[in-house]
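Take a look at the structure set out below.
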Amino acid sequence: MIVTHEYRIYPSLDQTEVMDTWLELLRRHWNYALGERLDYLSRTRESINRCSLVSEPIGEIPSRVDYYSQQAAIKETKRLFPEYKGIYTETQQGNLRRLDKAWKKWMVPDATGKRGGKPRFKKVGKLRSFIFPRVNCSKAGAHVIGNKLKLSKIGEMRINLHRPFPDGFTPKTCTIIKKADGWYASIVLKDASVPEILPLDEVKTAVGIDVGLKELAVTSDGEMFPIQQFYRMGQKRLARAQRKLSRKQKRSKNYLKQLNKVQRLHQKVQRQRKEQHYKVAHQLVKQYDFIAVENLNIRGLAKTRLSKSILDAGWGQLLTIVEAVAVKRGSHFVKVRPHGTSQDCSGCGTKVPKDLSVRLHQCPHCGLEMDRDENAAINIRERALSEVGLILPACGGLDNSQPVKQETSSWDGIQLSLNEALGIAHSA
Ligand SMILES: [Zn+2]
């Protein structure tokens, strides 16, 4: 299992200067490496409408450009541009690896046929982080010792370990990030052991979760998690700050000041949202052994519930966090196909078509009436339960285990009387 913890770090002025220089040099290197790749692409490929039917002079065929050729060229870069000697080599490699990842995402479609966007040239200040791929091993570039973070070629600085590394986890990589309010170290921690999942036959409580527009989430038991007010207020404040920014002279001192304000507000809204998502996740995992959600990655969803895509990122994060917390605690987490969850009646299964504006599910067939999101959440739960072949009473009640126990006890009874009968037979 992998978790990421982010800690604030406190570099000195000199160290800040070094780190800013690194970011700028790595940005230029990124742009150079990206240019090299695009150049190779345009020289080895020709669009079909430009191609002569008779013959095509292709000139010299350039040697292949990929991660390995670019990594091998780092040495040459350091020779030609001595300022790059100041950068820890693994960090520079990490930068290229990141480009390689973005490149492949763009070139090669994934299992669902999706491709990432074209990697971009980065403008000044747009590269905000660099990585130390190894931490705390003998040849690592980053070491966390006590409350100090020691970075190769940068030096030692204080790190605020506001929460300790969890037991059994070891740090794997350390990414240094520049944010609006200072510097952070994002440390990826890995635990080799696999958490034990609760056996399916011990699942007592199951829940389905529908993420919505009006509420953040609604459970199949009718519990609602509203989108918090301060979050909405934060967004308003953010919009105001952004309007103010648009009126400033670009790149002027006041512009940069206002930009920092906007970035800080962004950060705040993001943090508040994340915090709420964690709260919801912990509450759900505490209450339920089995959590079912919609698989929002399915593309067709955008067509059926258009407005959902607007807030997609927010839902995506909530569901990712719920999954992470559930896995960590050994709860079951199941994603189901979202098709029709809001339209079907959870009582009788009939399709009851309705617009997004219709908040109430009213079934003309069986007369069921409930909140539309709750209805959807119940469908999600039932779909997930049937997927794993688990049968719980429809209300997801508290005493699910009882009928099972009764069954075993009655079985015991039969067994007992059988033994008795046999015993009698034996003694007889
Ligand atoms: Zn019905």
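The values are calculated or read from the model by the stated rules, or taken from the named source; none is laboratory data. Given the structure is predicted, the values throughout are model-derived calculations rather than measurements. FYI the Cβ positions are ideal-geometry reconstructions off the backbone, even for glycines, and counts take in every protein chain you see.
Taken as a whole, the structure leaves ASP344 outside the set of residues that are more than 10 Å from the ligand (Cβ to nearest atom) and among the acidic types (Asp, Glu). Restricting to the range 362-377, count the residues that are polar (S, T, N, Q) and either more than 13 Å from the ligand (Cβ to nearest atom) or more than 31 Å from the chain's Cα centre (by Cα) (or both). The qualifying residues number 1.
Within the range 180-196, the set of residues being in contact with a helix residue (DSSP H, G or I) (Cβ under 8 Å, 6 or more places away or on another chain) and modelled with pLDDT of 95 or more comprises just one member, TRP183.
Between PHE169, PHE121, the distinction of being within 20 Å of ARG8 (Cβ to Cβ), surrounded by 12 or more Cβ atoms within 10 Å (Cβ to Cβ) and of a type in the set (Phe, Trp, Tyr) belongs to PHE169 only. Of all residues in the range 347-361, those being more than 9 Å from the ligand (Cβ to nearest atom) and surrounded by 14 or more Cβ atoms within 10 Å (Cβ to Cβ) number 2.
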